[in-house]
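Undergrad: To start, I am sharing the structure in question, which I have written as structure tokens.
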Amino acid sequence: MLEKQASDAARALDGAEAVEAFRLEWLGRKQGRLNEVSGRWLKSAPAEAKKALGVRFNALKATVEALLDAALGAGPTDAALAAEAIDITLPGLKGSSARSIRLRGR
């Protein structure tokens with residue numbers, strides 16, 4: 001239910017102010033919905049139910065953070081960056097142009 005509310009709210013975002021309002025509404029430290037859920041349900045839950053509630057809470061938090069990242073136009077993923085990485089430990093090319101450059105006046 002909360003995931004659907006977050007998804008619906010994220011779909012309606014139309015600008016930077018709306019994205020910031022979404023972030024504060026869901027992730028705000030003082031009045032955020034996730035903070036409220038944590039305070040009301042997770043902290044007051046019986047010990048045997050805390051693990052299951054914690055798993056669901058973490059899933060909800062990950063969903064909200066993913067929606068926020070998508071709204072902000074998050075950068076490339078770690079996998080995409082790793083695919084484009086250059087291994088600087090590889091040896092240089094033989095006969096590179098750096099060796100053939102001669103300084104003038106010598």
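The values are calculated or read from the model by the stated rules, or taken from the named source; none is laboratory data. None of these values were measured; they are calculated from a predicted model. Glycine also receives a Cβ, built like all others from the backbone with ideal geometry; neighbour counts cover every protein chain displayed.
Undergrad: Mind checking whether some residue in the stretch 74-92 is at pLDDT 75 or above, under 31 Å from the mean Cα position of the chain (by Cα) and either at positive phi or surrounded by 11 or more Cβ atoms within 10 Å (Cβ to Cβ) (or both)?
TA: No.
Undergrad: Among all residue pairs at least 6 apart or on different chains, which show Cβ distances below 8 Å where the first residue, located in the stretch 11-25, is free of Cβ contacts under 8 Å to residues at least 12 places away in the same chain and at negative phi and the second is surrounded by 10 or more Cβ atoms within 10 Å (Cβ to Cβ) and in a loop (DSSP other than H, G, I, E, B)?
TA: Listed pairs, sorted by first residue: 24/32.
Undergrad: Only residues that are of a type in the set (Gly, Ala, Ser), part of a helix (DSSP H, G or I) and surrounded by 10 or more Cβ atoms within 10 Å (Cβ to Cβ): list them for the stretch 45-73, please.
TA: 49, 52, 54, 59, 62, 66, 70, 71
Undergrad: Testing residue 41 on (1) modelled with pLDDT under 85; (2) of a type in the set (A, V, I, L, M, F, W, C); (3) in contact with a helix residue (DSSP H, G or I) (Cβ under 9 Å, 6 or more places away or on another chain); (4) not in a helix (DSSP H, G or I), one condition comes back false. Which one is that?
TA: (4)
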